[in-house]
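*Asks:* Pasting in a structure now, in structure tokens, and then I'll have a few things to ask.
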Amino acid sequence: MAFWRQYRRNVAAVIGLAILLVVVVMAVSAPLLYPGDPWDMAGKPFIWPFQSWKFPLGTDRLGRDVAACIFHGARVSLLIGLVATLVAVVVGIVVGAFAGFYGGKVDDVLMRLTEIFQTIPSFIFIFVVVAVFTPTVPIIVLAIAIVSWPQLARLVRGEFIALRGRDFIQGCIAIGMSDLRIIFFQALPNALAPVIVTASVTVALAILAESGLAFLGLGDPNVMSWGTIIGAGRAVLRQAWYLTAIPGVAILLTVLALNLIGDGLNDALNPRLRGRR
Amino acid sequence: MYRVIRIVRRRLLQMIPVVLGIVVFNFALLHLAPGDAVDVMAGEAGASNAEYVAQLRQQYGLDKPLPVQLGNYLWHVVQLDLGYSYRHNRPVLGLILERLPATLSLMLTALSLSILLGVGLGVLAAWRVRTATDTVISIFALLSYATPTFWIGLMFILLFGVTLGWLPTTGMESVGAGYKGLDRVVDIGRHMLLPAVTLALFYMAIYTRLMRASMLEVYGLDYVRTAQAKGLAGGKIAFKHVLRNALLPVVTVAGLQVGSLLGGSVLVETVFGWPGLGRLAYDAVFQRDFNTLLGILLLCSIVVVLANLVVDMLYAVLDPRIEYQ
């Protein structure tokens, strides 16, 4: 409750949360509101938005219902963004925690590894991996996770280096608690706040990466993604710009919401920074 | 000066394992890929009798044990041999080097634009903190940071190309116009404007937010108060004392983002038909030309490594206290 009181002070963060809730509701309700395959033809092609009650957002050049595509696209974007971030957070925590806690050689090796993955240009890497293997949701998630974990690892490492010197951790070591228990049950809970903040931005970047991939035609061909709709709408940009504009706005709002939430969490979870803005 | 050289030497040594790691990683990707170069060639030839395929494998050393193949691969990379593109019938390196200038010029233009605009807007927002100007700039930065690059590119094409007809929307110069000298530069500039602005927006947003926060932080430091107390003019404090220190985080982050910029240019180049590496990569995907694709990944990684080196040098020049141990 105290957390929520802090969070709601940031009006923009509350707006972000509201937008994200709408997107989540869209994602959850998609199979109920629009059962059937969003790829199927539903009506006449090129109906503009607000022209027909049946198709509030219009239809594309193959007569697919744009609203159905947007709702189903919300599922894909959120799913890929969340799962990729979850994988990245787990890997980042493990690598960062060990590097920060043990220091020395372990730290050297793990940080060199992190540096390699940080040096490889991330979008080109995702693009190449998905192209070399097949564009399926698991491969896309994995590729995005591989480029997302280094940042989290660095963050966690920094937190652990600071925590290692603190009395309560030294105390745990002194009473002979096992390293794993100290790392995951004593230190980690104290390092989670910045991880949560960064993770919300990671989800946003993952959604942007997925949409870019789908736009280039490297999305999973079996699922309807916002990027796919833009990629298809691009060919008819002159005649029907709404086909490009609508999914773009959906991506923009979702990513914006996640960034605003990140800012809000940062304010609420970092008491040190409170009142500085 | 000696200090800077020492830093560079140190960094160069640190770079070796990173580059080596990337090469090994590239090799692993190439091997995990379904089907090898020989499969592709055999497919090209149309006929694929087993004997011919085996002979090809032997010829290219693909029948040797994996460590030997890795050794061969490393040796080739050291000699700057990135393999052969069977699609283009040319060595990959030449193919990439031919496209690199277009990508680098787009990237550097976008980078300069984003830093200039970002630093300018960030300084302005910090100067007018908690006023309408600050709010407008902050909202603009937030929106730019959330906008998909390729999408805003398409919207620019729609607005400035299709509706208003002010600017060209595809290619790098007017084909067949035969411009020379200054006319040609102007022509390329006109073609570059939309893709460069498209690519720059996202990074501009980052630098704006960073610069604003950084300026506000430095303004709160004691030495700035001292400068104010001894009666220095506001403008002089802002530019000579605050700006230089506040710029450091921007330099760091800009250096970290070279890789991301290269990735962004893949998207932007395909939107605007810019004849650079991004287009090459895009075409390579759909032609299943893995050698070219992995060559691009490797070369881009090396560009990032070199960029990091440049940033370290810049950093050492900007901040005389820096000493890497």
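*Asks:* Under a 1.4 angstrom probe, counting protein chains only, how are B:S105, A:S77 ranked by accessible area, largest first? Present the calculation step by step, with values, prior to reporting the outcome.
*Replies:* On the way: B:S105 40, A:S77 5 Å².
In descending accessible area the options line up as B:S105, A:S77.
*Asks:* Kindly provide the chymotrypsin sites (Phe, Trp or Tyr not before Pro) of the stretch A:22-110 that DSSP labels as loop, not H, G, I, E or B, and whose Cβ sees at most 13 other Cβ atoms within 10 Å.
*Replies:* Loop-located and lightly packed - A:F50, A:W53.
*Asks:* Please compute the Cα-Cα pair-distance distribution of chain B with 10 Å bins starting at 0, giving whole percents from short to long.
*Replies:* It works out to 5, 20, 25, 23, 16, 7, 3, 1, 0, in whole percents.
*Asks:* How far, in nm, would the chain grow between B:L318 and B:L32 when pulled straight, counting 0.36 nm per residue and subtracting the alpha carbon separation?
*Replies:* 98.5 nm
*Asks:* Assuming 0.36 nm per residue, please report the length gained on full extension of the stretch B:R90 to B:A54 beyond their Cα-Cα distance.
*Replies:* 10.6 nm
*Asks:* Evaluate the distance, in nm, between pseudo-label points positioned 7 Å from the Cα of A:L21 and of B:L221 along their respective Cα→Cβ axes.
*Replies:* 4.3 nm
*Asks:* Helix B:66-78 versus the longest principal axis of chain B: what angle, 0 to 90°, nearest 10, using Cα atoms?
*Replies:* Roughly 60 degrees between the two axes.
*Asks:* How much length, in nm to one decimal, is gained on full extension between A:L192 and A:N270, taken as 0.36 nm per residue of separation minus their Cα-Cα distance?
*Replies:* So the chain would gain 27.0 nm between A:L192 and A:N270.
*Asks:* Can you list which of the trypsin sites (Lys or Arg not before Pro) found in the stretch B:235-325 are DSSP loop residues with at most 11 other C-beta atoms within 10 Å?
*Replies:* B:R321
*Asks:* Ok, one more. By its C-alpha gyration tensor, with a ≥ b ≥ c as the square roots of the eigenvalues, how is the stretch A:1-149 shaped: rounded for a/c under 1.5, else prolate for a/b larger than b/c, else oblate?
*Replies:* Because a/c hits 1.5 or more and a/b fails to exceed b/c, the stretch A:1-149 counts as oblate.
*Asks:* Next question, about the same structure. To the nearest whole number, what is the average tally of beta carbon atoms from other chains within 10 Å of the beta carbons of peptide A:230-242?
*Replies:* The mean count of partner-chain Cβ atoms within 10 Å per residue comes to 3.
*Asks:* Now for a separate question. How tilted is helix A:242-269 with respect to the longest principal axis of chain A? Cα atoms for both, answer in degrees (0 to 90, nearest 10).
*Replies:* Tilt of helix A:242-269: around 20 degrees.
*Asks:* Take the alpha carbon atoms of the stretch A:3-59, find their center, do the same for the stretch A:96-168, and report the distance between the two centers in whole angstrom.
*Replies:* For the stretch A:3-59 versus the stretch A:96-168, the Cα centre distance is 33 Å.
*Asks:* If each of A:F3 and B:V129 carries a label point 7 Å out from its Cα toward its Cβ, how far apart are those two points in nm?
*Replies:* 2.9 nm
*Asks:* Oh, and also: GNM, chain A, Cα, under 10 Å: largest mean-square fluctuation among A:W48, A:W149, A:W226?
*Replies:* A:W48
*Asks:* Modelling each spin label as a point 7 Å along the Cα-to-Cβ direction, I'd like the B:S112/B:L306 distance in nm, to one decimal.
*Replies:* Here the answer is 1.8 nm between the modelled labels.
*Asks:* Going by the alpha-carbon gyration tensor, a ≥ b ≥ c the square roots of its eigenvalues, is the stretch A:113-160 rounded (a/c under 1.5) or, if a/c is not under 1.5, prolate (a/b greater than b/c) versus oblate?
*Replies:* It is prolate, given that a/c is not under 1.5 and a/b is the larger ratio.
*Asks:* In whole Hz and in residue order, list the ³J(HN,Hα) couplings for the stretch A:113-128 that follow from phi through the Karplus curve 6.51 cos²θ - 1.76 cosθ + 1.60, θ = phi - 60°; x for Gly and Pro.
*Replies:* Working through the residues one at a time gives 4, 4, 4, 4, 5, 7, 7, 4, x, 5, 5, 5, 4, 4, 4, 5 Hz.
*Asks:* A further question follows. For chain B, find the longest principal axis of its Cα atoms and tell me its angle to the long axis of helix B:290-318, 0 to 90°, nearest 10.
*Replies:* Helix B:290-318 sits roughly 30 degrees off the main axis of chain B.
*Asks:* Here is a follow-up. From the mean inverse distance of alpha carbon pairs (Kirkwood) and the Cα radius of gyration, derive Rg over Rh for chain A.
*Replies:* Reported Rg/Rh (Cα atoms, Kirkwood Rh): 1.06.
*Asks:* Oh, and also: I'd like the distance separating the alpha-carbon centroids of the stretch B:79-104 and the stretch B:186-243, in whole Å.
*Replies:* 38 Å
*Asks:* Ok, one more. Which of the three applies to the protein assembly as shown, rounded, prolate or oblate, going by the alpha-carbon gyration tensor with a ≥ b ≥ c and a/c under 1.5 meaning rounded?
*Replies:* rounded
The values are calculated or read from the model by the stated rules, or taken from the named source; none is laboratory data. All of these numbers come straight from a predicted model, not from anything done at the bench. Neighbour counts are summed over all protein chains in view; Cβ atoms, including those assigned to glycine, are modelled from backbone coordinates with ideal geometry. In case anyone asks, the SASA skips ligands and DNA or RNA and just uses the protein heavy atoms, side chains included. Shrake-Rupley method; radii C 1.70, N 1.55, O 1.52, S 1.80 Å.
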